[in-house]
Amino acid sequence: MAESPKPTFTLVSWSLDDGEAVHREAPDTFWMPPKEQRESLRPGDIAKLMFRMVLRDPATGEEQEKVERMWVGVTSREGQGYRGALDNDPHYTRDLAAGAEVAFEPRHVIRIYEAAARDKRG
């Protein structure tokens, strides 16, 4: 069976959701890695972030908001935060793609790729 084509909405803007805030609202259902792990990422580590995107339907001009959880490979540490490269293509748009540079903070990290975390512990 052929895969259906991805929807192609126009990206208006995007931001990162604060995972710590979401965790405070639903601590029993929204787990996050410990703060110490989120604050000690190194280049080569892989973190999952929540991308909140405002998208426009090119056919109707209507805007909608979507949230996608995507992986970002850490490329550098910058002060208390990080820089990384998006490792996924969003489902709803082609205007943000793998390789895009992303600046983020420990509060945005909702998962750490376990293989990377295991390797780090040695």
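The values are calculated or read from the model by the stated rules, or taken from the named source; none is laboratory data. As the structure is a prediction and not an experimental result, all values here were calculated from the model. Neighbour counts run over all protein chains shown; Cβ positions are idealised from the backbone, glycine included.
Provide a single number: the residues in region 19-42 that are acidic (D, E), over 14 Å from I112 (Cα atoms) and either surrounded by fewer than 10 Cβ atoms within 10 Å (Cβ to Cβ) or at pLDDT below 95 (or both). Break it down stepwise before answering.
Here is the first cut: in region 19-42, the ones acidic (D, E) are 20, 25, 28, 36, 39.
Next cut, over 14 Å from I112 (Cα atoms) only: 20, 25, 28.
Within this subset, residues satisfying the condition of being either surrounded by fewer than 10 Cβ atoms within 10 Å (Cβ to Cβ) or at pLDDT below 95 (or both) are 25, 28.
Summing the residues that are acidic (D, E), over 14 Å from I112 (Cα atoms) and either surrounded by fewer than 10 Cβ atoms within 10 Å (Cβ to Cβ) or at pLDDT below 95 (or both) in region 19-42 gives 2.
Of the conditions (1) more than 17 Å from N88 (Cβ to Cβ); (2) touching a residue at least 60 places away in the same chain (Cβ under 8 Å), P43 satisfies every one except a single condition; which number is it?
Among (1) more than 17 Å from N88 (Cβ to Cβ); (2) touching a residue at least 60 places away in the same chain (Cβ under 8 Å), the lone unmet condition for P43 is (2).
Could you tell me which numbered condition I110 fails, if it satisfies all but one of (1) in contact with a Gly (Cβ under 8 Å, 6 or more places away or on another chain); (2) surrounded by fewer than 11 Cβ atoms within 10 Å (Cβ to Cβ)?
I110 satisfies every listed condition except (2).
Quick one: count up the residues across region 28-59 that are closer than 20 Å to A100 by Cα and not charged (D, E, K, R).
11
Where the second residue is modelled with pLDDT of 95 or more and surrounded by fewer than 15 Cβ atoms within 10 Å (Cβ to Cβ) and the first is of a type in the set (V, I, T) and lies in region 105-122, which pairs have Cβ atoms under 7 Å and are six or more apart or on separate chains?
Pairs found: I110/R69.
Hey, can you tell me all the residues within region 65-96 that are surrounded by 13 or more Cβ atoms within 10 Å (Cβ to Cβ) and of a type in the set (S, T, N, Q)?
Correct list: T75, N88, T93.
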